[in-house]
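The values are calculated or read from the model by the stated rules, or taken from the named source; none is laboratory data. All values reported here derive from a predicted model rather than from experimental measurement. Cβ sites come from the backbone with ideal geometry, for glycine too, and all protein chains shown count toward neighbours. These accessible areas exclude ligands, DNA and RNA; they are computed on the full protein's heavy atoms, side chains included. Shrake-Rupley method; radii C 1.70, N 1.55, O 1.52, S 1.80 Å.
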Amino acid sequence: MSEGRLAINRLRERLPVDGAAIDRFVARYGAPIIEGERATFLFRGEVDEVRVRHRVVGLADPMPMKRLPDTDLWAVTTELPTGSRVEYQLETRHGDHYETFNDPLNQRVAHSPMGSSSVCAATGYEVPDWVHHDPEARPGELVEDTLRSKALRREQPVKLYLPARYNPALRYPLLVVHDGTDYLDYAAMKTVLDNLIHRLDVAPLVAAFVPPRDRLREYPNYAPHARFIARELLPTLAERLPLIDDPHARALMGSSFGGIASLSTAVRYPGVFGSLFLQSASLVFTDIGTDHGGGPAFDPVVKFVNRYRAKPTAPVERIFMSCGTYEPLITPNRSMVPVFRGAGMTVKYVEARDGHNWEDWRDRLRDGLSWLFPGPQKFVYE
Amino acid sequence: MRTVLLGPQRFMTTAGTALRSLGVDGPVATINAGWEEREDVVDELDTVLGGDTRHLRLYHRSLDVITKDEVFGAAALAFRDRHDALLSLYRLRLQNAMDGVYAVQRRTREAEGRARGEATAYSALDDSIEVVRHVDQWYAAQLKSLYAELDAASPIDASSVIGWHRGELADLLGQAAAVVLTGGHVGTLLRTLRLFAIRIPDEVPVVAWSAGAMALTERVVLFHDHGPEGNTEAEVFDRGLRRVRGLVALPHARRRLRLDDRDRCAVMARRFTDQHCVLLDDGTALELTADGGLPLGARILGIDGAIHELGAPNGSHGANGRGAVS
């Protein structure tokens, strides 16, 4: 679509227009306006400056809007390839006063532990139907549990997912989920598990959702955390639940720092787990020098990843990796695929035109879980 | 021996008609263990079959055995773990072997445009498919050993619980004028059939669909080209009851196989070249001939990757049923 035919440009050609015409324009097109592979962000208000804040690698951040002459409407148009999904906020300046907030013209919002953001979905992006509650899917059960951890020197809460039709006479694979509470709250993971198991895409499994306490300390290669997972959580669950006693039926999962926690735990206890599910893992490293650009929190991450890259091992058989093409971690994630493969592991790697956020991780769950724990679809012929 | 194989019954119900066509007079034994925990939800099935049914409840009986017979329960779980491990290795080898087949097949197609090297290319394709057959045979042999170990670890004849169920099942089957096998989880169906040593007398008519039809064959092949994990290769899973010979049953073929990918279908037909790959789609009803053969009109995959009808001018079958299908 040519620039001249965009709705905002057609409005520009009609200027000057009154407030009622702007009202009609916004009511008709909503915001952002998606036209082919173009997105036009809008804002209405008497301010000195408006900018779109986002974290899309490749686009200017912030992205300044321009005011349409003699109106209170601001706009900026950018490229947005098919299938993209972008989280953003608007930032205004009124004199010396800056304010950042969700787009008031856009009702679509994504939530995370850091708050919420507006969502801009391009042509071709659809929320997968399996993330919504399906009344036909029999629900699994979430059971609150607590373990006394000597390694962590505290009571560690764990939420256990038991699949529908859970039967102690059978045996189940185990998935240990880092940032477990966030996966449940922001990636709808219980609903996703219920649906994917119901659809036979994923094998009935037990999941242990484990929340951290001091995430930045515990997740980047922290020996007590790894000991807790491998030497305390695992044996306790194996004692209490009918789990398949084989590494191939055990997986560690996590996003961002949770990905590092998964990998570093596996590296410390090779052969205990058969697979890893790493989403946008913070696999930051340096090839030369010490400037990794991630700030002090990434120092232990870089130290661990650099050491691993110098001497790669194969602590598991299979790794499913996903990463958003718009996030800064895309380069380290791509770079690690051949390293993992070179170490002898089977790696399935997928990318999405999305960012470092929970809905991206949610949308990749079907790909990862069905690959790591294939459901009985191949066995069922109704 | 009268046997009718049907397509899936979900959207088009033909089981009642098929049963009536057999002129059955007396109770019908149903085997729907593939429905697993829904095994007792049989109202609809009863209606379709006319009501005079005896449900064998093999799935629930198997849970009863696992619960009551600790020795067998432990051995069965150990078997399942070892079978899973074997399947995992089999899939690994199979995928690598199939990758080789497709690579050679691509080269063969290129060779078709050049006279030179054509014979070598076809020979390479045949040989690469032979490698796949070898992997299938290796898996089948390993599985046979696993079964032998299971039998040694927990002799079924020594289990009073299994013996009791077998006795009751023999009575129920003995009264049956016909047997119906439904679809569902074919692995569960085969396991329970084996556990209770179900034998269907030749003279008792059988109607079977989907997983039930697969369970009647000699070699049960699993397939699904449209799973969430993408293409996965068809895999030999286990032996069936062997009442039906010379065919691989492919229920839901239209929904589960990429039938428009002739190269892929051709490889499948050539891999199981000693048997017909029979499509059992909605509405299909095939009554086998008196000698157990497929009736005219049965739709099969040809080694050219196309679908052929047996008996049609371009699909008539030769000595092994495949001669003219090329």
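Side notes on the structure shown:
- The range B:294-304 - residue that is at pLDDT 95 or above and surrounded by 17 or more Cβ atoms within 10 Å (Cβ to Cβ) and, of those, farthest from B:GLY23 (Cα to Cα): B:GLY302
- Residue match in the range A:263-277 (condition: over 20 Å from A:VAL210 (Cα atoms), open to solvent by 10 Å² or more (accessible area, probe 1.4 Å) and part of a loop (DSSP other than H, G, I, E, B)): yes
- Qualifying residue in the range B:125-143 (condition: open to solvent by 40 Å² or more (accessible area, probe 1.4 Å) and at pLDDT below 95): yes
- Hey, A:THR146 modelled with pLDDT of 95 or more, closer than 15 Å to A:ARG240 by Cα and either of a type in the set (S, T, N, Q) or not assigned by the TED database to the domain that holds A:ALA261 (or both) or not: yes
- The lone exception for B:ALA208 - which of (1) touching a Leu at 6+ places or on another chain (Cβ under 6 Å); (2) not in a strand (DSSP E or B) it fails: (2)
- Checked against the criterion of being open to solvent by less than 60 Å² (accessible area, probe 1.4 Å), farther than 30 Å from A:ALA187 by Cβ, modelled with pLDDT of 95 or more and under 29 Å from the mean Cα position of the chain (by Cα), the candidates A:VAL109, A:VAL56, A:VAL50, A:VAL86 yield just one match: A:VAL50.
- Pairs, first without any contact (Cβ under 8 Å) to a residue 12 or more places away in the chain in the range B:81-94, second outside any helix (DSSP H, G or I) and open to solvent by 90 Å² or more (accessible area, probe 1.4 Å), C-beta under 6 Å, six or more apart: none
- Taken over the range B:1-17, the criterion of being of a type outside the set (Ser, Thr, Tyr), out of contact with any Asp or Glu (no Cβ under 8 Å at 6 or more places or on another chain) and more than 14 Å from chain A (Cβ to nearest Cβ) is satisfied by B:GLY16 alone.
- Considering the range B:204-226, the residues that are open to solvent by 10 Å² or more (accessible area, probe 1.4 Å) and of a type outside the set (Val, Ile, Thr) include one that is nearest to the other protein chains (Cβ to nearest Cβ), namely B:HIS224.
- Residue identified as within 14 Å of another protein chain (Cβ to nearest Cβ) and within 25 Å of A:ALA314 (Cα to Cα) among A:LEU252, A:LEU200, A:LEU234, A:LEU243: A:LEU243
- A:LYS190 under 30 Å from B:ASN231 (Cβ atoms), more than 12 Å from chain B (Cβ to nearest Cβ), open to solvent by 20 Å² or more (accessible area, probe 1.4 Å) and not in a loop (DSSP other than H, G, I, E, B): yes
- Residues of the range B:94-109 classified as within 14 Å of another protein chain (Cβ to nearest Cβ) and open to solvent by 60 Å² or more (accessible area, probe 1.4 Å), total: 3
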